[in-house]
Amino acid sequence: MQKKYNKQGVIGAVVFHLLILALLLFFGLTILPQEEEGILVNLGNVATGLGEIEPPKSSAKPTPAEPQKTTPPPTPKEESNPQTDESVKTQDFDEAPEVKSAEELKKEKEEQLKKQKEEEARKKREEEERKRQEEADRIAKAEAEAKRQAELERKRKEEEERKKLEEQQRIADEARNKVGSAFGKTNSNSSSEGDAGGSGNQGYVTGDPNSKNRSGSGLGNTGTRFNLTGRSLIGKIPTPDENEQEYGIIVIQITVDRYGNVTGAEFQLKGSTIQNTVLKNASIEAAKKAKFNSDPKAAAFQKGTITFTYDLN
């Protein structure tokens with residue numbers, strides 16, 4: 001009985017395995033790719049060594065030797081895909097220089113001409129500015145030289161006028177001394193007369209040796225006279241150009257610079273007895289035309305007066 005069951009068990013196991021093998025053959029088995037064959041290599045940690053006995057794993061590591069330079073195996077060439085060859089193209093030569101068109105060449109030439117004209121215009125403006133500056137400097141120098149010459153001429157004339165007045169004064173002093181001696185009015189030992197505190201005979205060349213007036217034109221109590229301390233009159237005080245019939249005095253206050261020019265004149269109420277506007281304006285204009293000696297040591301602007309005496313004709 002026992003053998004019968006064993007036989008059935010064996011048959012059942014064989015049938016079962018055959019079924020499984022059939023299923024694997026039809027549905028589950030595939031052919032594995034054949035792997036490349038290799039060579040079994042001895043266990044070690046360096047590429048060099050010597051001896052027949054395998055050293056234990058716990059032994060000290062040998063000193064590594066200098067690795068030998070090996071040439072890497074050539075890389076196998078992959079078959080090129082026709083589509084890849086068509087899509088990827090390389091260029092191993094330099095690009096050709098760009099050839100400019102006629103329009104671009106024309107534009108560049110126009111730009112060069114434009115820059116050249118601008119540079120020429122700039123140089124022309126600079127040259128004109130330089131010439132203008134040189135002309136302005138020349139004119140300024142000429143004007144300065146003309147002013148210098150005019151100043152020298154003015155000083156020369158003033159010096160001549162001063163010498164002329166000194167000579168007239170000397171002649172007048174001699175004449176007065178002679179007249180005084182003739183009338184017994186002077187002391188022959190006296191060489192100075194006046195109240196100004198200086199040396200010489202104070203007065204005017206056309207005056208009277210017996211008069212006690214120390215300033216004026218020398219015409220007595222009529223005409224004109226001036227009062228300007230330390231300064232002398234050059235020539236005569238102009239006569240007012242008016243024929244008004246009035247009797248009295250008009251005093252004009254004057255301002256004189258170092259060169260003897262009257263720079264200002266105005267009516268002075270003090271000392272004046274005439275209020276006639278016409279005569280006052282005429283007297284102011286006449287006073288402005290008066291000329292006095294130059295004195296570099298005098299004040300820049302010195303005050304004085306000119307007195308006009310009017311009488312009835």
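When you look at ILE249, is it in contact with a Ser or Thr (Cβ under 8 Å, 6 or more places away or on another chain), outside the structural domain of LYS155 (by TED's automatic domain parsing) and part of a strand (DSSP E or B), yes or no? Yes: the conditions hold for ILE249.
Checked against (1) under 21 Å from GLU158 (Cα atoms); (2) at pLDDT 85 or above; (3) not polar (S, T, N, Q), ARG225 passes all but condition (1). Here the range 290-307 is the region considered, the condition is being over 11 Å from VAL256 (Cα atoms) and either modelled with pLDDT under 90 or in contact with a helix residue (DSSP H, G or I) (Cβ under 6 Å, 6 or more places away or on another chain) (or both), and the residue that is surrounded by the most Cβ atoms within 10 Å (Cβ to Cβ) is ILE306. Close Cβ contacts (under 7 Å, 6 or more residues apart or on different chains) running from residues in the range 261-290 that are assigned by TED's automatic domain parsing to the domain that holds GLY235 to residues that are part of a helix (DSSP H, G or I) and surrounded by 14 or more Cβ atoms within 10 Å (Cβ to Cβ) comprise VAL262/ALA287; VAL262/LYS288; ALA265/ILE284; ALA265/ALA287; ALA265/LYS288; GLU266/ILE284; PHE267/LYS280; PHE267/ILE284.
Is it the case that VAL251 is in contact with a Phe, Trp or Tyr (Cβ under 7 Å, 6 or more places away or on another chain) and at pLDDT 90 or above? For VAL251, the condition - in contact with a Phe, Trp or Tyr (Cβ under 7 Å, 6 or more places away or on another chain) and at pLDDT 90 or above - is not met. Among the residues of the range 263-289, the ones that are part of a strand (DSSP E or B) and either surrounded by 18 or more Cβ atoms within 10 Å (Cβ to Cβ) or basic (Lys, Arg) (or both) come to 2 in all. Being closer than 30 Å to GLU151 by Cβ and modelled with pLDDT under 90: is that true of PRO209 here? So PRO209 does not fit the description; no.
The values are calculated or read from the model by the stated rules, or taken from the named source; none is laboratory data. It should be emphasised that the depicted structure is a prediction, and the values quoted were computed from it without experimental measurement. Cβ coordinates were reconstructed from backbone atoms using ideal geometry, including for glycine residues, and neighbour counts include every protein chain displayed.
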